[in-house]
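Just below is one structure, and these are the notes that go with it.
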Amino acid sequence: MTAKLLSVKKKNERNFITVECLLAFDKGEDKEKVLDLMRKFSSMVRFAYKRLLEKMERKELKKLLAQKYGINIRYSDDAIFLAQQTLDSCLQRGQNPKKLVFGSRVVFEKLKKKHLTGKRREKLRRKWEERRYGILYARGDKSKGGNLNLRLVNLNNQWHLRINLGSGEYVWAKVVRSAKREGQVDKLCVGFNSS
């Protein structure tokens, strides 16, 4: 069973290296738990964005998110970080931040017109929902030995992603890559775990 693409970034001087992978879950219920976490996190980002527009203090917002969504403070902080990045990006481009559409305005406008029907409309709706609800982001902390919410672990020469569901419960997923590049994954994952 596979889920969304996973992008892993390693800072290499000024550049980032991105590796896209599929996650394979042994149990369907684990996949559903992760998809639910992604929906929650996406909702947290949108909620945080609205509160930042209202000039709410970061410290107060972090506690509110953790309490409202029943998820750990680290995910709350990362949701605020993404919301702030999105807000800053809108302001830098001279866009009205109150008119932002999460999940792509272009796709949303196409869906609103209702000119598509059947499979084409369903495909477009799925694309919009994946963009809107399919976010999970977690930053690592050097003092904590890396990322506590999402961690790559090598078990018997197979990479796995340990995913914290926000309540202390963990789910494991096998990392599957279609493109094999000699040495790249090992170097990347060792660097990712130690940062």
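Quick note: the coordinates plus some simple rules give every number you see, no bench work behind them. Worth saying up front: this structure is predicted, and the values here are computed from it rather than measured. Don't worry about glycine lacking a Cβ; one is built from the backbone with ideal geometry, like all the others, and counts go over all protein chains shown.
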Per-peptide average of other Cβ atoms within 10 Å, ordering 41-54, 58-71 highest first: 41-54, 58-71
Spin-label zone in segment 29-60 - amide nitrogen under 13 Å from a point set 7 Å from the Cα of K98 along the C-beta vector: 53-55
Net lengthening on full extension, K50/K33 (0.36 nm per residue, minus Cα-Cα): 3.5 nm
Sorted peptide list for 21-34, 75-88, 103-116, criterion being average Cβ within 10 angstrom, highest first: 75-88, 21-34, 103-116
